[in-house]
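What follows is one structure encoded as structure tokens, with my remarks underneath.
Only the coordinates and a few stated rules stand behind these numbers; no lab work does. None of the values given here were measured: they were computed from a predicted structure. Here the Cβ positions follow ideal geometry from the backbone for every residue, glycine too, while neighbour counts run over all protein chains shown.
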Amino acid sequence: MANENDLLASLIDKIKKNALILPTLPEVALQVRTATEKNEISMEELADIIRQDPALAARVIKVANSAHYRRAMPVDSIQGALARIGMQQIRSLVTAAAMQQLFICTHPIIEDVMMGEWEESVCVSSAACLLLKDYLARGGANPRNLTVDGAQLSGLIHNIGVLPILAEAEEMPDAITSPYLLKKVLNRLAQPLGLNILRNWGFGEDQLKVVKYWKDGAYDASEPDYASFVRLGALACGLLQRHGLDTEALTKDAVAKGLLRSETYFDEPAFTEPFNELKEAFDL
């Protein structure tokens, strides 16, 4: 009977032969990413792009009516949703909606692991953007011109390499005997595959560094970057302990550098309340 070692061997063989199929973002999500990089695009033009995918349009409206964005009156149109969320923020939300469509399978063990990975990505994304927002509000230096939108997107893609592994696992259902052993395969191969995916998607070096360093305890950026805040987001979500990192030392170092307000900040309402609201907004 096949086992996780067979899955690992199959993945490594396909990686060496450059034969592993990598996930692709839906065309509409790619169009939105390209369009929002151009300052001259109008709200109506962007709305027209999103309308091409009715399911995606419905998700965007749902997000606009979530607790994180909700106002007195609900919105029922793409234009209203864009006005509420903002032209730049919509890029992360559309990418999130498109990415969630990739986290779908039918095998019960793989599905549980896949949903867990998605929830962790949303958790890290929400924490990273809020931590950067607080850092900037406190007057933190920003020589790399980091944006809250960029931190949110970086958190979503920090472990994107799990997707082709889980897709390959679904093709070898007899090889999956436990979530624990499947996660061991993910931990071994997710990083190099994630780098390949981001290159194929056209992401830049800032996001590639996130995939490279988010769980590297020795990483010490000369100036704050997205990897710095995604790693703090992973710390806030309790993900770094499983990789053997000294979380107490990382917390103290982040406070000393001014990246984190205090050692208890993750437990304070100033963080937990918007954090929970933002996670709800991404519960697409």
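Panel order for Trp118, Trp201, by other beta carbons found within 10 Å of each beta carbon, from fewest to most: Trp201, Trp118. In percent, rounded to a whole number, the relative contact order of the range 74-170 is 36, using alpha-carbon pairs under 8 Å and six or more apart.
A cysteine counts as unpartnered when no other cysteine's C-beta lies under 4.7 Å of its own; in the chain this applies to Cys105, Cys129.
Between rounded, prolate and oblate, where does the range 220-284 land on the alpha carbon gyration tensor, with a ≥ b ≥ c its root eigenvalues, rounded for a/c under 1.5, else prolate if a/b exceeds b/c? Since a/c reaches 1.5 and a/b is larger than b/c, the shape of the range 220-284 is classed as prolate.
The value given for the range 113-256 is a Kirkwood hydrodynamic radius of 15.6 Å, derived from the mean inverse Cα-Cα separation. Size descriptors for the range 32-136 (Cα atoms only): Rg and Dmax, in that order, 15.2, 46 Å.
Rounded, prolate or oblate: which one fits the range 110-198, using the alpha carbon gyration tensor with axes a ≥ b ≥ c (rounded when a/c is under 1.5, else prolate when a/b beats b/c, else oblate)? Prolate shape, in that a/c is at least 1.5 and a/b is the bigger ratio. Full extension of the chain between Ala19 and Thr177 yields a length gain of 54.4 nm, computed as 0.36 nm times the residue separation minus the alpha carbon distance. Once C-alpha pairs closer than 8 Å and six or more residues apart are averaged by separation and normalised to the residue number of the range 125-212, the relative contact order reads 31 percent. Ranked by how many other Cβ atoms sit within 10 Å of their own Cβ, fewest first, the residues Ile49, Ile90 fall in the order Ile49, Ile90.
Short-range pairs are left out: with C-alpha atoms under 8 Å and at least six residues apart, the relative contact order of the chain is 24 percent.
Along the range 78-93 the Karplus relation, 6.51 cos²θ - 1.76 cosθ + 1.60 evaluated at θ = phi - 60°, assigns HN-Hα couplings of 5, 4, x, 5, 5, 5, 6, 7, x, 4, 7, 4, 5, 4, 5, 5 Hz to successive residues, with x for each Gly and Pro. When Arg242, Arg261 are arranged by Cβ crowding within 10 Å, least crowded first, meaning fewest neighbours, the order is Arg242, Arg261.
With the biggest extent put first, the Cα atoms of the chain measure 58, 48, 30 Å across the principal axes.
Length available on full extension from Ala249 to Glu273: 0.36 nm per residue minus the Cα-Cα distance, which gives 6.1 nm. For Lys279, the lysines whose Cα comes closer than 20 Å to its Cα, not counting residues fewer than 8 places off in the same chain, are Lys62, Lys133. Couplings for the range 138-154, taken from phi via the Karplus curve 6.51 cos²θ - 1.76 cosθ + 1.60 with θ = phi - 60°, read 8, x, x, 5, 9, x, 8, 6, 5, 10, 4, 4, x, 5, 4, 5, 4 Hz in order; Gly and Pro are left as x. Quick one: grab the alpha carbon gyration tensor of the range 173-284, order the square roots of its eigenvalues as a ≥ b ≥ c, and give me rounded if a/c is under 1.5, else prolate or oblate depending on whether a/b is larger than b/c. Taking the square roots of the gyration eigenvalues as a ≥ b ≥ c, the range 173-284 is prolate.
Karplus-based coupling profile of the range 23-30, in residue order and whole Hz: x, 10, 6, x, 4, 5, 5, 5, with θ = phi - 60° in 6.51 cos²θ - 1.76 cosθ + 1.60 and x standing for Gly or Pro.
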